[in-house]
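**Q** Can you read through this structure? Questions will come right after.
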Amino acid sequence: MTEHTQVGIVGAGPAGLLLSQVLHLQGVDSIVVERRSPEHVLSRVRAGALEPGMVRFLREAGVGDRLDREGHPHTGFEISFDGTRFRVDLEELTGGEYITIYGQTNITEDLMAARAALGGQLVYEVENTRIEDLDTERPAIRYRKDGSEHEIRCDFVAGCDGFHGVSRPTLPGDVLKSHDRKYPYHWIALLCESRPVDKELVYVHHPKGFVLCSMRSPTLSRYGIQCETGDSEDDWPEDRIWQTISDRLPPDLAETLDTGPCLDRNIVPMRSFVAEPMRFERLYLAGDSAHIVPPTGAKGLNLAGSDVYYLSRAFVEYYKGGRSDLLEAYGPTALDRVWKTEWFSGWMTQILHTDPTHGPFDRQAQIAELRLLSQSRARQTALAQSYVGLPY
Ligand code: RFL
Ligand code: PHB
């Protein structure tokens, strides 16, 4: 069966859903195809900290109501190292900006509900997705569903299918350039039924390894514990999780640490990755299909948001204003913000984790950098500006 639309979107994660929603509000048609079931997409916990730019964009997309009601504003966070702790006052250092804690699961749920309310076309549980005829005026997304072949003919394809999707590998080998950095440690990321250690996020540097203390609500805590690259979820039973967090926290926080059942645990490989170009013929990559950041700076979802912002503007200008310059500029515009954010996420990762390949010199230099950061308003201002996100 063949269907026709303006923009064919592969992937119904936050990038694909947000793109189809924003396009719809501007009168541009799309169809989204997704490999998994809606329940599976919603079961992925992942990100939680939203930049103010992302919050504004979600409101603009008509999915700001629950976010404004249930999201928690955070005007600062703490960094703990070498027996001391300091606060980075985001609001004061950036002239009033702050981040909002609101889970990716909620955003996805809100977007799914908004798409359904507006009659959005989403096809779940597709198999064998292929992107073809890119060198023609009407490329095709072909897939199998319920045992039969389907085809979507469109003007453009948006590849929003994450790191393991089919969009990026569709680019010819002599066009695609991949830039990759792997870190010699992973995280075990957890969502636990327990009181968060603090009102604000705490990033803990410790000789035995980093810990992120975050939260979703007053009774749900989110942790990221630095672990070894060979570890699996089975290596981390609950008693080991709580003992490790307690050992690495500063003593006053360890004393009041609340424990509870862990509802979700996931090994997260720490890597930085950028694919170039983000556009090839009529295929446009957005979100994790084009780039990955280590989770330390909380940027993965926010970067997917800025890609979708640039791409939706470009499609709308093309259809409404007959302009193709924004479509041509999409790759370089998005990549400029991606690379700056890659730099920040890599820096934040490297100052906070204990690198097993480091010798005594690098370890001392890392502590010196944290001391400089704790003492310098200029350095904290630079950190705060990147943490709340570059403007778009
Ligand atoms: P997603 O969310 O991966 O969605 C892509 C969607 O495409 C579907 N798909 C296909 N559909 C059709 N045909 C195919 N052939 C397909 N192949 C794949 C997938 O099923 C999926 O539904 O990418 P998107 O939309 O670009 O969104 C990006 C964010 O999800 C991502 O950047 C963040 O979640 C990254 N991330 C984190 N970011 C943060 O900012 N803070 C975090 O704490 C954080 N934790 C995480 C994370 C990513 C994780 N991964 C990738 C496993 C924790 C984990 C475990
Ligand atoms: C989260 O709450 O999931 C989170 C917060 C901050 C980070 C990474 C993840 O740096």
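**Q** Just check the range 11-50 against the gyration tensor rule for me: Cα atoms, a ≥ b ≥ c as the square roots of the eigenvalues, rounded for a/c under 1.5, and otherwise prolate or oblate depending on whether a/b exceeds b/c.
**A** oblate
**Q** Answer rounded, prolate or oblate for the range 103-200, using the Cα gyration tensor with square roots of eigenvalues a ≥ b ≥ c: rounded when a/c is under 1.5, else prolate when a/b is larger than b/c, else oblate.
**A** Values: a/c = 2.57, a/b = 1.42, b/c = 1.81.
Because a/c hits 1.5 or more and a/b fails to exceed b/c, the range 103-200 counts as oblate.
**Q** Next up: How large is ³J(HN,Hα), in whole Hz, for each residue of the range 304-316 in order, when computed from phi with the Karplus curve 6.51 cos²θ - 1.76 cosθ + 1.60 and θ = phi - 60°, using x for Gly and Pro?
**A** 4, x, 6, 4, 5, 4, 4, 5, 5, 4, 5, 5, 5
**Q** Additional query: What is the sum of charges, Lys and Arg at +1 and Asp and Glu at -1, for the other residues whose Cβ falls under 14 Å from the Cβ of Gly147?
**A** Values: positive: Arg144, Lys145; negative: Glu125, Glu127, Asp146, Glu149.
Surrounding charge for Gly147 is -2.
**Q** Moving on. Given Ala365, Thr349, Thr2, which one lies farthest toward the positive end of the charge dipole of the chain, if we put +1 on the Cβ of every Lys and Arg and -1 on the Cβ of every Asp and Glu?
**A** Ala365
**Q** Show me the ranking of peptides 119-125, 197-203 by mean Cβ neighbours inside 10 Å, starting with the highest.
**A** Output ranking for 119-125, 197-203: 197-203, 119-125.
**Q** With both bridge residues required to lie in the chain, what share of the DSSP beta bridges run antiparallel, to the nearest 5%? Before the final figure, lay out each step's value.
**A** Details: 54 of 74 bridges.
Antiparallel bridges make up about 75 percent of those DSSP assigns within the chain.
**Q** Taking the C-alpha atoms of the range 37-120, how large are the radius of gyration and the largest Cα-Cα span, Dmax, in Å?
**A** 15.8, 55
**Q** Can you give me the relative contact order of the chain as a percent, contacts being Cα pairs under 8 Å and 6 or more apart?
**A** 20
**Q** Calculate the length of the line joining the C-alpha centroid of the range 135-181 to that of the range 261-334, in whole Å.
**A** Each part reduced to its Cα centre gives a spacing of 15 Å.
**Q** Here are some pairs, Lys145/Lys320; Lys145/Lys340; Lys199/Lys340; Lys182/Lys208; Lys208/Lys299; Lys177/Lys320; which of them have Cα atoms lying more than 31 Å apart in this structure?
**A** Lys145/Lys320; Lys145/Lys340; Lys177/Lys320
**Q** Here is a further query. Would you compute, from DSSP H runs of 4+ residues alone, the mean residue ellipticity of the chain at 222 nm, taking -39500 (n - 2.57) per run and dividing by the full residue count, rounded to the nearest 500?
**A** Computed mean residue ellipticity for the chain: -11500 deg cm²/dmol.
**Q** Take the Cα atoms of the chain, build their convex hull, and give its volume per residue in Å³. Before the final figure, lay out the partial values.
**A** Numbers: hull volume 57.1 nm³, N = 392.
Convex hull of Cα atoms, per residue: 146 Å³.
**Q** Ranked highest first by the average count of other Cβ atoms within 10 Å around their residues, in what order do 247-253, 47-53 fall?
**A** 47-53, 247-253
**Q** Still on this structure, I have one more. How large is the translational diffusion coefficient of the range 299-386 in µm² per second when you combine the Kirkwood radius over alpha carbon pairs with Stokes-Einstein at 10 °C and 1.306 mPa s?
**A** This corresponds to a translational diffusion coefficient of 101 µm²/s.
**Q** What order do you get for 8-19, 365-376, 309-320, 58-69 when each peptide is scored by the mean count of other beta carbon atoms within 10 Å, highest first?
**A** In descending order of packing, they fall as 8-19, 309-320, 58-69, 365-376.
**Q** Going by C-beta contacts inside 10 Å, put His186, His179, His24, His72 in order with the fewest on the left.
**A** With the sparsest Cβ surroundings first, the list reads His179, His72, His24, His186.
Just so you know, all these numbers are worked out from the coordinates, no wet-lab data involved. The shown structure was predicted, so the numbers you read here are calculated from the model rather than taken from an experiment. Please note: Cβ atoms are built from the backbone with ideal geometry, for glycine as well, and neighbour counts cover all protein chains shown.
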